[in-house]
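Contents: one structure, followed by commentary.
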There are 2 protein chains.
Amino acid sequence: MEKVAHSFRAWYIITIGNRMKFSHTRWTMNKLKLFLEKKAYNMRISSLVATNLAGSGHPTSALSAADVVAATFFYGMKYDPRNPDNPNNDRFILSKGHASPILYAVYKELGIISDEQMRTYRKFDSVLEGHPTLRFSHTEAATGSLGMGLSIGVGMAKSAKMDGRDFHTYVLMGDGETTEGSIWEAAEIAAHYKLDNLVAIVDCNRLGQSTETIHGHHLKRHEEKWHAFGWKAIIVDGHDMNQIMHALEKAREVEHHPMVILAKTIKGKGAPVAEDHLGFHGKAFKAEDMNDILKHLETEYEEAVEFDAQAYAKENPLPSPPVRPEGSESELEGSSDEEILMHDPGYEVGEKVKTREAYGHALKELGSRSKRIISLDGEVKNSTFAEIFEKKYPDRFIQCFIAEQNMVSMGVGLQRRGKLPFISTFAAFFSRAHDQVRMAAVSTSPLRLVGSHAGVSIGEDGPSQMGLEDLAIMRCLPQSIVFYPSDGVSTHKLLQLMANYNRGISYMRTTRMATPIIYENNETFEVGGCKVLKQSENDVACIVGAGVTLHEALKAYEQLQGENINVAVIDLYSIKPIDAATLEAVGKKAGGRIITVEDHYLQGGLGEAVSAALNHTDFKISCLAVTELPRSGKPAELMAWAGIDAAAIVKKVKK
Amino acid sequence: MEKVAHSFRAWYIITIGNRMKFSHTRWTMNKLKLFLEKKAYNMRISSLVATNLAGSGHPTSALSAADVVAATFFYGMKYDPRNPDNPNNDRFILSKGHASPILYAVYKELGIISDEQMRTYRKFDSVLEGHPTLRFSHTEAATGSLGMGLSIGVGMAKSAKMDGRDFHTYVLMGDGETTEGSIWEAAEIAAHYKLDNLVAIVDCNRLGQSTETIHGHHLKRHEEKWHAFGWKAIIVDGHDMNQIMHALEKAREVEHHPMVILAKTIKGKGAPVAEDHLGFHGKAFKAEDMNDILKHLETEYEEAVEFDAQAYAKENPLPSPPVRPEGSESELEGSSDEEILMHDPGYEVGEKVKTREAYGHALKELGSRSKRIISLDGEVKNSTFAEIFEKKYPDRFIQCFIAEQNMVSMGVGLQRRGKLPFISTFAAFFSRAHDQVRMAAVSTSPLRLVGSHAGVSIGEDGPSQMGLEDLAIMRCLPQSIVFYPSDGVSTHKLLQLMANYNRGISYMRTTRMATPIIYENNETFEVGGCKVLKQSENDVACIVGAGVTLHEALKAYEQLQGENINVAVIDLYSIKPIDAATLEAVGKKAGGRIITVEDHYLQGGLGEAVSAALNHTDFKISCLAVTELPRSGKPAELMAWAGIDAAAIVKKVKK
């Protein structure tokens, strides 16, 4: 699998540091320091020019980080820049995504990005976007919504531990974003799992977008928090290369704890007009200022500017590329292009099964089909039934505790390192991590999400626990698919489809109460499909339901039959994509009268999806859905109250 | 405004503690301790019986908290239980909402809830829901999604500071929920604003729903974190009344810092079968176990059981009710039933104005109309233009830093204490707090939310910064209203409507780029309205846009006019509620052909809203919207790429 790195200039340079660590003299260290300062100097120039040409961007946020980023890539990290897929590469995540110029600048120094490409920054046809996305092949994960990078790093570091790989993961954060709670969710989990292969760097440049950060330059306040959360911490002058190099070495030595490097920096470092001043965030420098700034840089870094980096690189022998440690072949790695197949389940028609429990059993079987499949839980495994998977595969089950934001972004990190994470919690609590799910979609990271306890039909626990907007918030993600199975068989089959869907987020909604099995075990399902369960030559309407309301629709069908009223019934198990063709064909035969019924708020749910899919027809569509704030009560009482039960459907048909 | 408390038994009891603090002897203290233990005993019985009768609920989570809750209400707090609206009352928020029986049990001891009512727990007609909601008049805020109570408390404590009131706010959390990052966002802000009137209590019962909590009974680990975040902390045995009373006294004495009481407790305390055992979370005890448990309680709390609480209460003199400190009348309190009016703005038709900037100016004027109006910012005030308000009313502007979750729940706390919070950040970043917004809706808390930088039209910053799902996630909230103004005048007028909308969440979406003023300053707008800007006798289609796309629709109109093609154009500034009648009337005249165009993903946005509103008609509706993951580029390039610009509209009309 692993290619051997070719010999080329960039390669000399980046791993020199690793060699130097073991045998450096004052003389070589001083040269190395000059070399790193030269790199940082070049990166400052690149960042300034790129943002100036783009006419927008965040140069001052890049300038404060130039020195730590140069040292991290050219001294701290061990990786093969020509082969980003090398599974032994160290990883770097730019959590402060607005500082993207510094990321692109370092890849320019590595010979990955050309001078010309660098000039396309922020342009429509360029892969060098305003905030990093995966359109640039060396981006580990899309960032730009702050406070997520550390969770992604936790996922990558955890993946390394699971696979017995010894690569390190580096995450660069801004000090401003450390007020995001998600950072502390990640910090907690990283310490809990003793991720000593995770290195966080906080670029403490004191200034946010519009005001001073909460701790300004009081780095001790930062240090106390990281210590309290179980991390090793070291404070350095973020513009003193010796201190940064020392900290990076310490970070590779520490054991049993993750480590954070708190770098005291100056926002806009190198551009005197902006240095340590508010009012320059997200502002590119104008042409008229550029000459002064570039001149100042030349004098401030005079020694480094004159240093011959190429000659220095030539003098040093080629080191070996990163390799996986002897005999550490992991049990948990599988091929990434396998199609994952499952046996048919063993349910009996009519048997009552909770779809959330069917999920647990199906996930367990999936686990036997691919070593890459893992389960993440937000401390509700006995409600979502993820515990069934845990019992069989404890080493592929990750307890993320009550911290949904970290759980989702951690899933992105695990997925990027080759895992297939199935993440389950209450449907309602995915709303807690919607920004993380949104950014996972921007990363085109195929997370598998399963939300239980959907709708008013959960009963007595009340509205805070009812997932009533999950279909809406999962549908409005690019390339997402959304399933809502009504029985154990469809749950089983749809989960297999999710395991094989790699183009984006897949979401399944499960039901708390047990519902009867309606499908034979060999029934087949597809992405974008639906099932026509009842149809006749003289249907007066077509009822479209899914999950718990499908069973209400079937009850209504029986009652209406008793009164010699025929209706068609469709199981819309795939809410997105939606089978518009079948809906239209069946609807037409039913006189163009369609009634949708769902245990979800009206907006963004099944009814609006059907209304939009058929908005080119002359059908008369009525939507039965939850329209008011629910309360505690018995499931049946609440479904009657909401007007989404069999009685409400019968009433609507008769109207 | 403030009623004087009537004399009644409960009243004697609850404030006794406050008197005792100043003059207690060992004798009186011992009696007081017995009195509090008796209350805790009664509350345990009530919690056990209520959950047993309901057949569901979380008795073990209530039992661990019984002693701290009894001491907090009957010793620590100063309030008038008969008058929950008394603005000087101390406040109690049950962040661990699943322990609701203990909240109802204490109000039963206070004479607010009858024995009979207590037996309706979790029933459809009862206000005593599974997790507390405002249907029970003494609930401060709906809880049940964990990790939000502290932020709500921060809002209440901050409100007290703003108004010069000296009430304290108490928040009871579980240890499990302290892994939620939102807790640490709140902890940070509370310390930053020196909220020494905020008292957090963590019920450290060691056990979560499905596994042990991350720190188990290592309370020192909790203490270190709270200290590092700037809090005073004290560890107590949560079942030792003397220790709890001492801690509650300390909490009232501490200055300049919020304080947390870390209570080491036993889950299920009092029910031997469940005490400190996993597997009993969220399980009501069965009838057959109840007798043993009740017998055990009688012996365990024998001395307290025999104590005559009524006699004790009679012996004590009636204290004065809580009063506001002399001469502390606040400048920031206004009448809560005022209608808030504004002058017309001073824009000129054709003038180019950013709606986000118009928001800043309108908010500033609103500030002059009501002292209750405040502004909360997530460190983007110079992008949302909330800074215009801050400059004029710095003491009504709250910087919440980059912590959107806390910002929203803090808004609920401020709103509950009489403020009208306007909360603004990037539209995309409200997805970070969607669970908090969802729970604010469950609290029927009328937060005013304003999201800037909507859509691909923001340009170069790329997809992470583009609000493309905000309409979907705001529409699917019960009683929410959603506005999307297209110019400065409508922004100004719609903001006034938001200021006067008190039935739920109101959301406004603003645009980054400047758009021309199209309305006269005296134009009127309404909740659920729209504007027919163009209409003729021979329209071939009706184009429905809002915000930035409305201007594209108007450009398309001009181009089509040049080719003698007439179309109607509607400004759908109110996305929810939606003016179905006007859409239908205008659509019918336009041959039933409607084209919607929006800078938002297709799902849950304007197009689906229109499709659903007209799903009973035979109209042919086409939706132009963003359907793929965007990228960086110029606004015009991106709108062309997405197919939502004038050219795309013209093309669609011709088809």
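The values are calculated or read from the model by the stated rules, or taken from the named source; none is laboratory data. In this text, all values refer to a predicted model and were calculated from it rather than measured experimentally. Methodologically, a virtual Cβ is constructed for each residue, glycine included, from the backbone with ideal geometry; neighbour enumeration extends over all protein chains shown. SASA here: full protein model, heavy atoms, side chains in, ligands and nucleic acids out. Shrake-Rupley method; radii C 1.70, N 1.55, O 1.52, S 1.80 Å.
For region B:115-131, filtering for residues that are in contact (Cβ under 8 Å) with a residue 24 or more places away in the chain and at the interface with another protein chain (Cβ under 9 Å from one of its Cβ atoms) leaves 7. Selection within region A:578-594: residues that are within 11 Å of another protein chain (Cβ to nearest Cβ) and not small (Gly, Ala, Ser). The member of this set that is farthest from residue A:507 (Cα to Cα) is A:593. The C-beta contact set for region A:103-114 (first residue on the phi > 0 side of the Ramachandran plot, second residue modelled with pLDDT under 95 and part of a helix (DSSP H, G or I), distance under 8 angstrom, 6+ apart or interchain) comprises A:111/A:9; A:111/A:10.
Restricting attention to region A:421-445 and to residues that are buried (at least 24 other Cβ atoms within 10 Å of the Cβ) and part of a loop (DSSP other than H, G, I, E, B), the residue that is nearest to the other protein chains (Cβ to nearest Cβ) turns out to be A:443.
Taking region B:101-122 as the range and being of a type in the set (Phe, Trp, Tyr) and part of a loop (DSSP other than H, G, I, E, B) as the test, only B:121 passes. Restricting attention to region B:224-242, the residues that are closer than 28 Å to residue B:271 by Cβ, among the aliphatic types (A, V, I, L, M) and either within 14 Å of chain A (Cβ to nearest Cβ) or part of a helix (DSSP H, G or I) (or both) total 1. Listed by first and then second residue, the pairs linking a residue in region B:300-316 that is within 17 Å of residue B:43 (Cβ to Cβ) to a residue that is among the small types (Gly, Ala, Ser) and crowded, with 17+ Cβ neighbours inside 10 Å, with Cβ atoms under 7 Å apart and 6 or more places separating them unless they lie on different chains, are B:300/B:270.
For region B:78-87, the count of residues that are in a helix (DSSP H, G or I) and buried (at least 19 other Cβ atoms within 10 Å of the Cβ) is zero.
Scan region B:94-108 for residues that are open to solvent by 20 Å² or more (accessible area, probe 1.4 Å) and either more than 12 Å from chain A (Cβ to nearest Cβ) or of a type in the set (Asp, Glu) (or both) and the total you get is 1. Any residue at all in region A:321-337 that is open to solvent by less than 20 Å² (accessible area, probe 1.4 Å) and modelled with pLDDT of 90 or more? No, region A:321-337 has no match at all.
Scan region A:207-223 and give yes if some residue there is within 9 Å of another protein chain (Cβ to nearest Cβ), on the phi > 0 side of the Ramachandran plot, under 26 Å from the mean Cα position of the chain (by Cα) and touching a residue at least 40 places away in the same chain (Cβ under 8 Å), otherwise no. Among the residues of region A:207-223, not one is within 9 Å of another protein chain (Cβ to nearest Cβ), on the phi > 0 side of the Ramachandran plot, under 26 Å from the mean Cα position of the chain (by Cα) and touching a residue at least 40 places away in the same chain (Cβ under 8 Å), which makes the answer no.
Assess whether residue B:60 counts as being part of a helix (DSSP H, G or I) and farther than 19 Å from residue B:262 by Cβ. It is true that residue B:60 is part of a helix (DSSP H, G or I) and farther than 19 Å from residue B:262 by Cβ.
Return a yes/no flag: does region A:463-483 have any residue that is open to solvent by less than 10 Å² (accessible area, probe 1.4 Å) and away from chain B (no Cβ under 13 Å). Taking every residue of region A:463-483 in turn, at least one turns out to be open to solvent by less than 10 Å² (accessible area, probe 1.4 Å) and away from chain B (no Cβ under 13 Å).
Only residues that are at the interface with another protein chain (Cβ under 8 Å from one of its Cβ atoms) and closer than 21 Å to residue A:132 by Cα were counted in region A:446-462, giving 0. Of the residues making up region B:516-524, none is open to solvent by 30 Å² or more (accessible area, probe 1.4 Å) and assigned to a helix (DSSP H, G or I).
Among the residues of region B:579-628, those that are under 21 Å from residue B:459 (Cα atoms) and among the acidic types (Asp, Glu) comprise B:598, B:599, B:628.
Of the residues making up region A:357-388, those that are within 14 Å of chain B (Cβ to nearest Cβ), crowded, with 20+ Cβ neighbours inside 10 Å and in contact with a His (Cβ under 9 Å, 6 or more places away or on another chain) are A:380, A:383, A:384, A:385, A:388.
Rundown of residues vs (1) at pLDDT 95 or above; (2) within 24 Å of the chain's Cα centre (by Cα), yes/no style:
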{"residue": "A:30", "(1), (2)": "no, no"}
{"residue": "A:40", "(1), (2)": "yes, no"}
{"residue": "A:46", "(1), (2)": "yes, no"}
{"residue": "A:55", "(1), (2)": "yes, no"}
{"residue": "A:78", "(1), (2)": "no, no"}
{"residue": "A:86", "(1), (2)": "no, yes"}
{"residue": "A:104", "(1), (2)": "yes, yes"}
{"residue": "A:122", "(1), (2)": "yes, yes"}
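Does region A:97-110 include one or more residues that are among the acidic types (Asp, Glu), under 19 Å from residue A:270 (Cα atoms) and in contact with a Lys or Arg (Cβ under 7 Å, 6 or more places away or on another chain)? Yes, that holds for at least one residue. In region A:635-642 there is at least one residue matching the filter, namely being at the interface with chain B (Cβ under 8 Å from one of its Cβ atoms) and surrounded by fewer than 24 Cβ atoms within 10 Å (Cβ to Cβ).
I'm trying to understand the selection: among the residues of region B:149-164, which are surrounded by fewer than 24 Cβ atoms within 10 Å (Cβ to Cβ) and either touching a helix residue (DSSP H, G or I) at 6+ places or on another chain (Cβ under 8 Å) or within 11 Å of chain A (Cβ to nearest Cβ) (or both)? Of everything in region B:149-164, just one residue is surrounded by fewer than 24 Cβ atoms within 10 Å (Cβ to Cβ) and either touching a helix residue (DSSP H, G or I) at 6+ places or on another chain (Cβ under 8 Å) or within 11 Å of chain A (Cβ to nearest Cβ) (or both), namely B:162.
Could you check region A:195-223 and list, in sequence order, the residues that are assigned to a strand (DSSP E or B) and in contact with a helix residue (DSSP H, G or I) (Cβ under 7 Å, 6 or more places away or on another chain)? Talk me through it step by step, then tell me what you get.
Looking only at region A:195-223, we keep the residues that are assigned to a strand (DSSP E or B), and these are A:198-204, A:207, A:212.
Listed by number, the residues that qualify are A:198, A:199, A:200, A:201, A:202, A:203, A:204.
Consider region B:169-194 and keep the residues that are surrounded by fewer than 24 Cβ atoms within 10 Å (Cβ to Cβ) and part of a loop (DSSP other than H, G, I, E, B). The one that is nearest to the other protein chains (Cβ to nearest Cβ) is B:193.
Restricting region A:525-561 to residues that are in a helix (DSSP H, G or I) and under 34 Å from the mean Cα position of the chain (by Cα) leaves a set whose member that is nearest to residue A:453 (Cα to Cα) is A:548.
Let's see how each residue does on (1) of a type in the set (Val, Ile, Thr); (2) within 30 Å of residue B:382 (Cβ to Cβ); (3) assigned to a strand (DSSP E or B); (4) within 29 Å of the chain's Cα centre (by Cα):
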{"residue": "A:244", "(1), (2), (3), (4)": "yes, no, no, no"}
{"residue": "A:248", "(1), (2), (3), (4)": "no, no, no, yes"}
{"residue": "A:257", "(1), (2), (3), (4)": "no, no, no, yes"}
{"residue": "A:284", "(1), (2), (3), (4)": "no, yes, no, no"}
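Among the residues of region A:127-143, the one identified as open to solvent by 10 Å² or more (accessible area, probe 1.4 Å) and small (Gly, Ala, Ser) is A:137.
All of (1) polar (S, T, N, Q); (2) under 24 Å from residue B:467 (Cβ atoms); (3) facing another protein chain (nearest Cβ under 7 Å); (4) open to solvent by 10 Å² or more (accessible area, probe 1.4 Å) hold for residue B:615 with one exception: (2). Residues in region B:562-571 that are assigned to a strand (DSSP E or B) and of a type in the set (S, T, N, Q): B:566 alone.
Scanning region B:484-510 for residues that are part of a loop (DSSP other than H, G, I, E, B), open to solvent by 10 Å² or more (accessible area, probe 1.4 Å) and more than 14 Å from chain A (Cβ to nearest Cβ) yields B:500, B:501, B:502.
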